[in-house]
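The values are calculated or read from the model by the stated rules, or taken from the named source; none is laboratory data. All figures in this text were calculated on a predicted structure; none of them were measured in a lab. In this analysis, Cβ positions are derived from the backbone assuming ideal geometry, glycine residues included, and neighbour counts consider all displayed protein chains.
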Amino acid sequence: MRWQAPEVASNARNVDAQQCAVFSLGILLWEIETGLVPFGELDPTNASRQLCSGLLPKMDGVKDDDLRSLIEECLHLNPSERPSLDTVATFFEPKGQTGTQLFKNNVQVIQ
């Protein structure tokens, strides 16, 4: 429940699975960067309630400005304002390489 998008936690109708996945990814990135469990001081039900009320994890523990911006975008309360998964993926690509180029450069073809 701690990683669910608020619209999932509140049982909203017509949710976009990709937008929900982006929110969950943002929470996961926050957790990896900070080493903390999202809303760890709360039981899962209350954590879900906090998310539904608009409370988000504090960004104090995210030191990298670019990563903080990405996480904040992923955690936007309005799902349509979240980046696409493709946009998120480009954040992790080496500068100047697409995911396809990265794959080709790092995978050996076995004959």
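Things worth noting here:
- For region 58-78, the condition holds for no residue, the condition being that it is closer than 14 Å to Trp3 by Cα and more than 13 Å from the chain's Cα centre (by Cα).
- Residues within region 9-19 that are in a helix (DSSP H, G or I) and either crowded, with 20+ Cβ neighbours inside 10 Å or in contact with a Leu (Cβ under 9 Å, 6 or more places away or on another chain) (or both), tallied: 3
- Filtered residue count, region 54-69, keeping only those that are modelled with pLDDT of 90 or more and either more than 22 Å from Thr87 (Cβ to Cβ) or out of contact with any helix residue (DSSP H, G or I) (no Cβ under 7 Å at 6 or more places or on another chain) (or both): 10
- Leading residue by the ranking (nearest to Pro38 (Cα to Cα)) among those in region 64-76 that are touching a residue at least 12 places away in the same chain (Cβ under 8 Å) and exposed (fewer than 14 other Cβ atoms within 10 Å of the Cβ): Asp64
- Verdict on Pro94 being in a loop (DSSP other than H, G, I, E, B), touching a helix residue (DSSP H, G or I) at 6+ places or on another chain (Cβ under 6 Å) and not charged (D, E, K, R): no
- Meets criteria (touching a Phe, Trp or Tyr at 6+ places or on another chain (Cβ under 6 Å) and more than 16 Å from Val88 (Cα to Cα)) for Ala5: yes
- Any chance Asn14 is without any contact (Cβ under 8 Å) to a residue 40 or more places away in the chain and on the phi > 0 side of the Ramachandran plot: yes
- Test: Ala89 is modelled with pLDDT under 90, assigned to a helix (DSSP H, G or I), of a type in the set (A, V, I, L, M, F, W, C) and loosely packed, with under 14 Cβ neighbours inside 10 Å: yes
- Positions within region 17-33 being of a type outside the set (A, V, I, L, M, F, W, C) and touching a residue at least 60 places away in the same chain (Cβ under 8 Å), in sequence order: Gln18, Gln19
- Considering region 56-86, the residues that are in a helix (DSSP H, G or I) and aliphatic (A, V, I, L, M) include one that is nearest to Glu41 (Cα to Cα), namely Ile71.
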